[in-house]
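Since the structure comes first, as structure tokens, the remarks are kept for the end.
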Amino acid sequence: MYAKRISSLPPYLFAEIDKRKKEARKKGIDIIDLSIGDPDLPTPPHIVEAACRAAKDPLNHRYPSYEGMLSFREAVAAWYNRRKHISLDAEDEVLTLIGSKEGIAHSTFAFLDHGDIALVPDPAYPAYKNATLLANGIPHSVPLTEENEFTPDLESIDKEAVRKAKIMFLNYPNNPTAAAVEKSFFKEIVDFARDHDIAILHDNPYSELTFDGYEAPSFLAVDGAKDVGIEFNSLSKTYNMTGWRIGYAIGNSDLLKGLRLVKTNVDSGVFQAVQAAGIAALTGPQGGVKANLAVYKERRDILFDGLKSAGMEVKKPKATFYLWAKVPSGFLSIRFSLLLLDRAGVVVTPGIGFGDAGEGFVRFSLCVSKERIKEACERLERLDI
Ligand code: MLT
């Protein structure tokens with residue numbers, strides 16, 4: 001019945017966690033959900049209003065253009081120029097996506113043939129590995145270890161895998177480890193990509209979720225990056241728009257052409273009213289982004305202190321809305337997550353869900369109110385782990 005390619009495809013991590021949450025709720029457990037990175041704060045009103053206005057215009061009821069409205073792509077280019085000091089040609093170097101996850105998944109079909117290797121960080125957002133499997137590619141795991149501050153040790157990647165690899169996924173600020181890098185790291189990556197003829201697919205949805213004076217660089221900010229790769233970004237986390245499904249890919253125009261070719265054959269673009277919302281987000285007042293950061297920072301500090309008091313080992317992140325904490329000794333990450341769910345009603349994501357190298361950790365997200373985070377910390381402390 002099913003194609004062979006899906007037999008190796010695991011269930012999507014967050015869909016599985018959803019099932020567990022539902023079961024726990026059915027049992028009457030009061031759940032505090034610190035699992036998925038899905039902003040609980042609303043999309044700012046000027047963005048919603050722009051969408052409502054555009055939804056009333058019959059012109060927007062027809063098919064959108066495949067690569068996205070030029071006005072949306074220009075808004076992306078202007079935003080990148082302003083925020084990351086990168087100049088992009090809106091026509092050739094920006095492609096609109098139905099959320100960056102869609103572009104990530106379709107890029108494997110554009111760049112991998114049967115048996116081609118993708119270098120995939122481990123732990124990582126599951127879509128990189130699973131999309132590779134779906135395209136019949138071979139994910140070659142690149143461990144991100146604590147000793148290396150959760151960045152890949154390029155020298156230690158198997159030489160044969162490097163020789164055969166066609167693409168490499170990267171993601172900084174990093175999900176799930178919350179690692180943050182400087183521009184010099186991307187310089188090394190560009191050299192590596194050039195030396196080994198590997199296309200870099202950098203995923204940057206947390207680029208604006210930064211604290212304590214840290215600013216996240218774009219991969220494309222390095223000289224030569226545009227020759228070797230593309231960057232995915234999304235409006236989801238920056239503007240509280242996960243439900244809207246809008247993101248984009250930027251950078252190397254040839255790579256984008258390949259991705260566009262796949263997309264034109266499988267989807268028909270993003271509803272133009274959603275693109276109008278995107279334009280309002282990227283070009284309108286940015287006060288909401290700052291306000292979000294203040295909220296997440298306060299939550300981060302409360303959770304960090306709470307986890308410490310509960311006896312957990314964790315570092316305070318300077319980017320993303322995740323805390324990557326070590327599980328207490330004697331536990332595997334799934335068992336520890338189940339214990340938190342069953343005995344405290346606190347849902348976290350087990351590190352193993354992000355790859356084998358994620359074992360030994362659990363991820364806490366900051367997408368519930370500070371009151372609920374405080375309550376979660378109190379429950380953890382009561383567990384006496
Ligand atoms: C996460 O929580 O890691 C992601 O936001 C989930 C997703 O994008 O599916």
The condition of being outside the structural domain of residue 365 (by TED's automatic domain parsing), on the phi < 0 side of the Ramachandran plot and either buried (at least 21 other Cβ atoms within 10 Å of the Cβ) or within 16 Å of the ligand (Cβ to nearest atom) (or both) holds, among 215, 208, only for 208
When the range 8-30 is checked residue by residue, the ones that are touching a strand residue (DSSP E or B) at 6+ places or on another chain (Cβ under 8 Å), within 16 Å of the ligand (Cβ to nearest atom) and among the aliphatic types (A, V, I, L, M) are 13, 17
Mind checking which residues of the range 51-82 are assigned to a helix (DSSP H, G or I), more than 17 Å from residue 244 (Cα to Cα) and among the polar types (S, T, N, Q)? 71, 81
Kindly indicate which of 364, 304 is open to solvent by less than 40 Å² (accessible area, probe 1.4 Å), part of a helix (DSSP H, G or I), among the aromatic types (Phe, Trp, Tyr) and closer than 25 Å to residue 123 by Cα. 304
Could you check the range 226-250 and list, in sequence order, the residues that are within 14 Å of the ligand (Cβ to nearest atom) and β-branched (Val, Ile, Thr)? 238, 242, 246
Tell me which of these residue 155 doesn't satisfy, since it passes every other one: (1) in a helix (DSSP H, G or I); (2) touching a residue at least 60 places away in the same chain (Cβ under 8 Å); (3) surrounded by fewer than 19 Cβ atoms within 10 Å (Cβ to Cβ). (2)
Checked 304, 336, 354, 361 against criteria (within 13 Å of the ligand (Cβ to nearest atom) and either closer than 18 Å to residue 33 by Cβ or not charged (D, E, K, R) (or both)); the one match is 354
Flag if residue 150 is part of a loop (DSSP other than H, G, I, E, B), out of contact with any Asp or Glu (no Cβ under 8 Å at 6 or more places or on another chain) and more than 18 Å from residue 249 (Cα to Cα): yes
Please verify whether residue 61 is touching a residue at least 60 places away in the same chain (Cβ under 8 Å) and not assigned by TED's automatic domain parsing to the domain that holds residue 370, treating the condition exactly as stated. no
Quick check, is residue 383 touching a residue at least 24 places away in the same chain (Cβ under 8 Å) and over 28 Å from residue 241 (Cα atoms)? yes
Kindly check whether there is at least one residue in the range 113-126 that is more than 20 Å from residue 365 (Cα to Cα), assigned by TED's automatic domain parsing to the domain that holds residue 268 and in contact with a Phe, Trp or Tyr (Cβ under 6 Å, 6 or more places away or on another chain). yes
Within the range 171-205, can you find the residues that are free of Cβ contacts under 8 Å to residues at least 12 places away in the same chain and either within 16 Å of the ligand (Cβ to nearest atom) or in a loop (DSSP other than H, G, I, E, B) (or both)? 197
Given (1) farther than 26 Å from residue 360 by Cα; (2) away from the ligand (no atom under 14 Å from the Cβ), identify the lone condition not met by residue 100. (2)
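The values are calculated or read from the model by the stated rules, or taken from the named source; none is laboratory data. Please read all numbers here as calculations on a predicted model, not as lab measurements. Virtual Cβ from ideal backbone geometry, glycine too; neighbours counted across all protein chains shown. The area values use the complete protein model at the heavy-atom level, side chains included, leaving out ligands, DNA and RNA. Shrake-Rupley method; radii C 1.70, N 1.55, O 1.52, S 1.80 Å.
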